[in-house]
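Shown next, in structure tokens, is the structure this report addresses.
The values are calculated or read from the model by the stated rules, or taken from the named source; none is laboratory data. Computed from a prediction, not measured in an experiment: that's the story for all the values here. Cβ: placed from backbone, ideal geometry, glycine included. Neighbour counts: every protein chain shown.
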Amino acid sequence: MVSIDTIYALSSGGLPSGVAVIRLSGEQSRSVVKSIIGSVPPLRKAVLKDLSNPFDKIVIDRGLVLWFEGPNSFTGEDCVEFHLHGGRAVVSAFLELLSKFDNCRLAEQGEFSKRAFENGKFDLTEIEGLSDLLAAETEQQRIQAVNLSSGKLRKQLEEWRSIIVKSRALIEAELDFSDEEDVPGSVSDQVWSSISTLSKEISLFLDDNNRGEIIRDGFRVVLMGAPNSGKSSLLNAFAKRDVAIVSDEAGTTRDMIEVSLNISGFNVIITDTAGIRETQSKVELEGIRRANVAGSNANLIYWLSPMNEDLLEPELEFVSNVDCVVVNTKSDTYSDFVPANGSLVCNTILPDGIDRVIFHLTNYIGKNLISTDNSLLTRERHRLELLSCVSALDKSISMVDFDITLRAEELRLASEHIGRITGRIDVEELLDVIFSEFCVGK
């Protein structure tokens, strides 16, 4: 795909910096680089050159220049990179110079990556992996993003899609050439056995406890309990700073407060919530409603209960769907307290007061998220399309009393659902959303 405009942008982040990288991609790249440094550099070799304004012959800076000829470049187009000193005035002058060339304009957000996709350099899953890699804050997020951007999910999806395509081809062969000797008289044993195996394989792939999405979006821990049970104090202890107001007055916390922590390479989001109790205060009731919503969306709930009070059991409708662990707080004042089986004890006064909670959380994450299998389903759209694919496959298998052409249509739909994940078909409405996650220079 050839784009008329040549695009440019600062690709190296905020200024000032030691080095600023300005990227240019498109048909005019060759003429622009030749105008600025006097020649086209050797392919993929950095050359040190004066970067001059060809309109007034003034040198803007001296830096490295790299030339990438399409289609063997990131975008699939002719590309050039200028490595300048990262001063604001230098970068501003150079960007202004590029704007003076015909058909050159500042890139839109994610436009370099969008051109790479349009030119067949990446599929959508690899583009999403690249976006996740740029946003990764923890080691597990980085590992997962590298797996996705390197094409591991794409290869798996292509393998599944090829099985469906082959099955459809066998059905078409039977329909169109049933009188030919080299075409099997019946493909049922080959096709439906293969499709049944494929459906089971994809279903097993989906049975991953949403591990990929949790690694990408964060493991959510929600602190719940009655007022003054120590939720805000525990949040502050986790964060090692005062992020929530702590007071003896009941109902101090009325809205949710979140902190993100890096625990064993995983992004863990801990949320402090309003105390659960009977109240007539409209503001407090709204806080309690929000607390319940947060709890229903949590991966783990810590229900806090002070040792000097009777345990208020977490009577929550969603507890059956979310693991809930009781944490007995204020253990520094009740050394003879014996916790119930499965519950934890903690305090926020002693140096090691929350060690047991951290130990439990670390083990829980390790048990539920760490796996020898690579987590490749990182977005809800991946999961929904694969679920629809399995549904179509199972429907085609069950339609034993229907015409073979109707069963083949279900296989076609299954193939399309996989194609939507990789971007082969019907994804135009997704592109703006996906590429909006990128910075301008990517």
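Quick notes on this one:
- Apart from one condition, D50 fits all of (1) charged (D, E, K, R); (2) over 28 Å from K121 (Cβ atoms); (3) out of contact with any strand residue (DSSP E or B) (no Cβ under 6 Å at 6 or more places or on another chain); the exception is (3).
- Test: residue in the stretch 2-17 that is of a type in the set (F, W, Y) and touching a Leu at 6+ places or on another chain (Cβ under 6 Å): yes
- Near pairs, Cβ below 7 angstrom, 6+ apart or cross-chain, from the stretch 84-110 (free of Cβ contacts under 8 Å to residues at least 60 places away in the same chain) to any residue that is loosely packed, with under 15 Cβ neighbours inside 10 Å: K100/F55
- Comparison of F122, F82 shows that the only residue that is of a type in the set (F, W, Y) and part of a loop (DSSP other than H, G, I, E, B) is F122.
- Per-region count, the stretch 5-39, residues surrounded by fewer than 23 Cβ atoms within 10 Å (Cβ to Cβ) and of a type in the set (S, T, Y): 6
- In the condition set (1) over 21 Å from D5 (Cα atoms); (2) surrounded by fewer than 21 Cβ atoms within 10 Å (Cβ to Cβ); (3) not basic (K, R), L84 is compliant with all but (2).
- Filter result for T422 (within 30 Å of I263 (Cα to Cα) and at pLDDT 90 or above): no
- All of V40, V65 fail the test of being closer than 23 Å to A116 by Cβ and either outside any loop (DSSP other than H, G, I, E, B) or among the aromatic types (F, W, Y) (or both), apart from V65.
- All positions within the stretch 144-178 that are in contact (Cβ under 8 Å) with a residue 60 or more places away in the chain and more than 18 Å from E380 (Cα to Cα): E158, W160, R161, I164, V165, S167, R168, I171, E172, E174, L175
Here is a yes/no grid of residues against (1) of a type in the set (D, E); (2) at pLDDT 85 or above:
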{"position": "I163", "(1), (2)": "no, yes"}
{"position": "D179", "(1), (2)": "yes, no"}
{"position": "S193", "(1), (2)": "no, yes"}
{"position": "R211", "(1), (2)": "no, yes"}
{"position": "I214", "(1), (2)": "no, yes"}
{"position": "V222", "(1), (2)": "no, yes"}
{"position": "A250", "(1), (2)": "no, no"}
{"position": "I257", "(1), (2)": "no, yes"}
{"position": "T273", "(1), (2)": "no, yes"}
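- Count of residues meeting criterion [surrounded by fewer than 17 Cβ atoms within 10 Å (Cβ to Cβ), within 34 Å of the chain's Cα centre (by Cα) and modelled with pLDDT under 85] in the stretch 315-358: 8
Here's the yes/no breakdown for (1) closer than 30 Å to R424 by Cα; (2) at pLDDT 95 or above; (3) within 34 Å of the chain's Cα centre (by Cα); (4) not acidic (D, E):
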site	(1), (2), (3), (4)
A20	no, yes, yes, yes
V47	no, yes, no, yes
R62	no, yes, no, yes
F68	yes, yes, yes, yes
H85	no, yes, yes, yes
E96	no, yes, no, no
Q109	yes, no, yes, yes
S113	yes, no, yes, yes
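- Screening I58, I7 for residues that are touching a Ser or Thr at 6+ places or on another chain (Cβ under 8 Å), without any contact (Cβ under 8 Å) to a residue 24 or more places away in the chain and not basic (K, R) leaves exactly one candidate, I58.
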